[in-house]
1. Which whole DSSP H helices in the chain pass both tests: a Cα extent of 18 Å or more along the axis and a mean Kyte-Doolittle value no lower than 0.5?
2. Identify which of GLY63, GLY202, GLY284 has the largest mean-square fluctuation in a Gaussian network model of the chain, with springs joining Cα atoms closer than 10 Å.
3. When the accessible area of the chain is split by element with a 1.4 Å probe, what percent falls to carbon and sulfur?
4. In whole angstrom, and with the biggest value first, how far do the Cα coordinates of the chain range along each principal axis?
5. If the only charges are +1 at each Lys and Arg Cβ and -1 at each Asp and Glu Cβ, what is the size of the charge dipole of the chain around the Cα centre, to the nearest 20 debye?
6. Distance between the C-alpha centers of the stretch 167-197 and the stretch 257-336? Whole Å please.
7. Looking at the stretch 165-264, which trypsin sites (Lys or Arg not before Pro) are DSSP coil and have at most 16 other C-beta atoms within 10 Å of their C-beta?
8. Nearest 0.05, what FRET efficiency do GLN269 and VAL180 give at R0 = 45 Å with Cβ-Cβ as r?
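The values are calculated or read from the model by the stated rules, or taken from the named source; none is laboratory data. In this text, all values refer to a predicted model and were calculated from it rather than measured experimentally. Positions of Cβ are backbone-derived with ideal geometry, glycine not excepted, and every protein chain shown enters the neighbour counts. Accessible surface is based on the protein model in full, side chains and every heavy atom, while ligands, DNA and RNA are left aside. Shrake-Rupley method; radii C 1.70, N 1.55, O 1.52, S 1.80 Å.
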Amino acid sequence: MNESSPVPQARFDAIPLLLVVALALAAMPLIGSMSSWATLTIAGLAMGLIVFVIASGLTLIFGLMDVLNFGHGVFIALGAFVATTVMGAMNTYGGFVASPSLAANLFAVAMAALAGIVSAAALGLVFERVLVRPVYGMHLKQILITMGGMIIGEELIKLVWGAQMIPLQPPESLRGALVVGDVAVEKFRLLAVVVGLIVFAGLLWLLNRTKLGLLIRAGVQDREMVESLGYRIRRLFVAVFVAGSGLAGLGGVLWGLYQQSVIPQIGAQVNTLIFIVIIIGGLGSTLGCFVGALLVGLMANYCGFLAPKAALFSNIGLMVAVLLWRPQGLYAVGRR
C-alpha cells in the first residue's frame, strides 16, 4: 500500500508478465541454437503484437460495453481489403509501394492503415446502430446476430472485391529481413512491433490518464449517475464501439500485410485466435489482452519450429493451461 495516498492502492500483479519471459526462457534449451531462438522470439512477439491490435478492439467493446461481438472479423476483413485497394492506387499513382524510398513506403502503409481504420469504423457505426443496439444486455442474441452480420459482411466483400485471394505485398523497403549476426528479423515485423506498442500505450493512456477514459469507466460502473451529471453515455459508448471497430480495421491491414494475401474469410480465420487471446488475458482487460497476445504469438512460433503438427493445437492447449491456473484469465476484471 502507498502510505502517501489516502486510498489503498492495489498491488500490481507482475506474474503474468513474467510468464512471457518464462515461456521464452523455457523454449531456449529446446530450440538449441541461440540465433534461431532469437529469430523465433522476435517473430513471435511481432505476431503477438499484430494479434493484440486486432483483439484490443474486441476486448475494448466487451470490457466497456458488455457486448459479445462475434462479428468482429468483418471489420478485420474490410480493413484488409480496403488496404489492397489503397496500396494498389498508391503504387499506380506515384509508385509509393515500389519506390526504394522508405519514407514513400511508410506513407503508402500509413494511407492504407488510415483508410482501413476509417472504413471499419464507419461500418462499426452502422453495425452498432442496426444490429447491436437492439440486443444490448442479451448475450445470446448478441452472439447470433453479430455472427449473422459477419456472414452478410463477407458476402458483401465478395460482391465488391470478388471471392478470390488478393495478394498484399509489403512495400519494397519493408520486404526481406535485417540480419544482425546470425539473427534474421523481418523488416515488416519490426514495423508491426512499433505499431502494436503505440496502440497499447495509447489505450492505457486514454483509459487511465484522460477525462474521456474516466467518463467511460465511470459510465460502466454507474451509468445513471454519470448521465445525471449531464454526460451522454450512449454517445460515448457508440464512440467506443466505433473505435474498437477501427482498431480491428488497423489490425486487418497489418494481418493482411503479414500474410501477404487477403481472402474474404480472413476475419473468420482470425476470430478464433483473438477469442483465445482475450479469454487468456481475462475478458475486458486491455493489459491481459496484451499479455495473452504475446503468449499466443510466442507459443505459435516455438511450436511451429519444434513440432509443426502440434502447432495447430498449441494455443488451445495454452488457453486450457492458463484457465486451469486462473479460471478468470490472467488479469481478471473484478466486476465479472
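1. Once both thresholds are applied, what remains is 15-31, 34-65, 72-92, 102-127, 139-161, 187-209, 233-259, 266-281, 286-306, 311-325.
2. GLY202
3. 69
4. 58, 49, 38
5. The calculation lands at about 480 debye.
6. Cα centroid of the stretch 167-197 versus Cα centroid of the stretch 257-336: 22 Å apart.
7. Here the trypsin sites (Lys or Arg not before Pro) that fit, given the DSSP loop and packing criteria, are ARG175, ARG232.
8. E between GLN269 and VAL180, to the nearest 0.05, is 0.90.
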